Amino acid sequence: MVGSQGVRVRSTAAAVLVVAVGLVAGAVALVALLQAELTDDVRQAARARAVEIAAVIDSGRGVPSLAVAERDEQFIQVLDASGGVVAASDNVEELPAIARPDADGESRTTTPLDEDEFLVVAVAAQGPDGQQTVLVGRALIAVAESTQIVTRLLLVGLPLLLVMAAAATWMAVGRALAPVAAMRAEVEEISSAQLHRRVPLPRGRDEISALAATMNRMLDRLERAQTAQRRFISDASHELRSPVAAIRQHAEVALRYPGRTDQEQFAQTVLAEDVRIQRLVDDLLLLARADEDALRPHRRPVDLDDLVLDEARRLRSTATELRISTAGVAAARLDGDAQGLRRVLRNLGDNAARHARSRVAFDLTHEVDADGRIVLGVEDDGPGVPEAERERVFERFVRLDDARSRAARDSGGSGLGLAIVSELVAVHGGAVTVSQGELGGARFEVSFPAGPSS
């Protein structure tokens, strides 16, 4: 709540500051323009009266009547060339020249009529006795009073407008941040045991609703990651429990019946289970590095066909009842990590041999096209993989059915081999898929980018 209040206060302060600067600038400009416009009206009125009088003098008819309506706000004087008063309105007839502006000029001054400032306009005239100057003065009191009234109104109105702007901004920002406060409160309550909860989605399609949707997607990913981690730990514990239990069982029998235990058979059993544990731990460590994005293949040019032929020879020596075919293997070279590629081939070969009835086939081709892909295929004549399960087989600890599960356990499989294949192929920039092979069983196909060494 403190964070949202801080944003609310800062937003309101910034809005009030911007509005205040704009209003003050506008108010100053308004007062200045009003004063200039009113002063210009006074000037125009004074000049019009002075021009009218000068026109009569220029016509030779003498000085016209100089009566004024507002005795305290206007005066008229006619000066001769030496500055003496020739004629004047009755409110200043006893006074000397009140101002001496240049002919056709203007000035500002105070008069005995009023302490306020007068604007005096001078217009030249040609009388019978020579050059004369007509002075018409008008008081600027109306300009000052109007400007003062507007200024007072602005001094009262501007703070009210600022208060209204602050209140409107405070309410608007508060309403805008209300969904954020709700999201924050919900996230505050979410713990590792409650990742199924989601933040409320506000109405509309603004940035805050987008933020809520993004947070919910993040929570989805965290929940999936946590579920996968828990399943991973549970499955790993289960897989480790079996060899540990087998070793313990044989050790207890050997201790209870030392004379009846075949030491060689006991050692072979312990060694086999130990190898099984070591393989499982190695697999788990590799997948942990993959989760941390720590798999860094040491790339160099590798003859993939040589690795395929080595794997085929290994299978022939271990699975003597199977026919291992390499007729479809062609020469292919790529930039990759030899150890990682051997692991891929070994896992695919073991998987095929585990489920094959009698045949396992390897093929390797280099597609000469725009992509330049190298395609490795490993297939068997076993039961195959149902189409609905072809994505799931690459998940960790996945076994498709009881028969396959029993076969995997009997041969030391842990359900991690294909998951490791998927991770190692991915770090090489490739992809692995499973489909129905020509032998009738599963066909695993790995596609690598050929790279410059091909």
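Side notes on the structure shown:
- When every residue of the stretch 369-381 is checked against the conditions, at least one turns out to be part of a loop (DSSP other than H, G, I, E, B), under 15 Å from Gln436 (Cα atoms) and touching a residue at least 60 places away in the same chain (Cβ under 8 Å).
- From the options Asp58, Asp80, residue that is among the charged types (D, E, K, R), touching a strand residue (DSSP E or B) at 6+ places or on another chain (Cβ under 6 Å), open to solvent by less than 60 Å² (accessible area, probe 1.4 Å) and farther than 30 Å from Val173 by Cα: Asp80
- Per-region count, the stretch 113-141, residues more than 19 Å from Glu52 (Cα to Cα), open to solvent by less than 30 Å² (accessible area, probe 1.4 Å) and not aliphatic (A, V, I, L, M): 1
- Checking each residue in the stretch 368-400 for being modelled with pLDDT of 85 or more, within 25 Å of Leu309 (Cβ to Cβ) and open to solvent by 40 Å² or more (accessible area, probe 1.4 Å) picks out only Arg373.
- Being open to solvent by 50 Å² or more (accessible area, probe 1.4 Å), out of contact with any helix residue (DSSP H, G or I) (no Cβ under 6 Å at 6 or more places or on another chain) and modelled with pLDDT of 85 or more is not true of Ala403.
- Some residue of the stretch 416-428 being farther than 14 Å from Arg343 by Cβ, modelled with pLDDT under 90 and not in a strand (DSSP E or B): no
- Test set (1) more than 30 Å from Ser59 (Cα to Cα); (2) over 23 Å from the mean Cα position of the chain (by Cα); (3) among the hydroxyl-bearing types (Ser, Thr, Tyr); (4) open to solvent by less than 60 Å² (accessible area, probe 1.4 Å) - Thr110 fails condition number: (4)
- Just one residue in the set Ala168, Ala144, Ala176 is at pLDDT below 85 and either open to solvent by 30 Å² or more (accessible area, probe 1.4 Å) or more than 30 Å from Ser11 (Cβ to Cβ) (or both); that residue is Ala176.
- Candidate set: the stretch 208-227, residues that are open to solvent by less than 40 Å² (accessible area, probe 1.4 Å) and modelled with pLDDT under 80; chosen: the one nearest to Ala272 (Cα to Cα): Gln226
- Counting the residues of the stretch 325-348 that are over 24 Å from Arg299 (Cα atoms) and either open to solvent by less than 20 Å² (accessible area, probe 1.4 Å) or in contact with a Phe, Trp or Tyr (Cβ under 6 Å, 6 or more places away or on another chain) (or both) gives 1.
Here's the yes/no breakdown for (1) modelled with pLDDT under 80; (2) part of a strand (DSSP E or B):
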| residue | (1), (2) |
| --- | --- |
| Val275 | yes, no |
| Leu284 | yes, no |
| Asp293 | yes, no |
| Arg296 | yes, no |
| Leu309 | no, no |
| Arg314 | no, no |
| Gly328 | no, yes |
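- Filter result for Arg333 (of a type outside the set (Ser, Thr, Tyr), more than 24 Å from Ala236 (Cα to Cα) and in contact with a Ser or Thr (Cβ under 7 Å, 6 or more places away or on another chain)): yes
The values are calculated or read from the model by the stated rules, or taken from the named source; none is laboratory data. Keep in mind the model is a prediction, meaning the values are calculated, not measured. Backbone-built Cβ (ideal geometry, glycine too); neighbour counts: all protein chains shown. The area values use the complete protein model at the heavy-atom level, side chains included, leaving out ligands, DNA and RNA. Shrake-Rupley method; radii C 1.70, N 1.55, O 1.52, S 1.80 Å.
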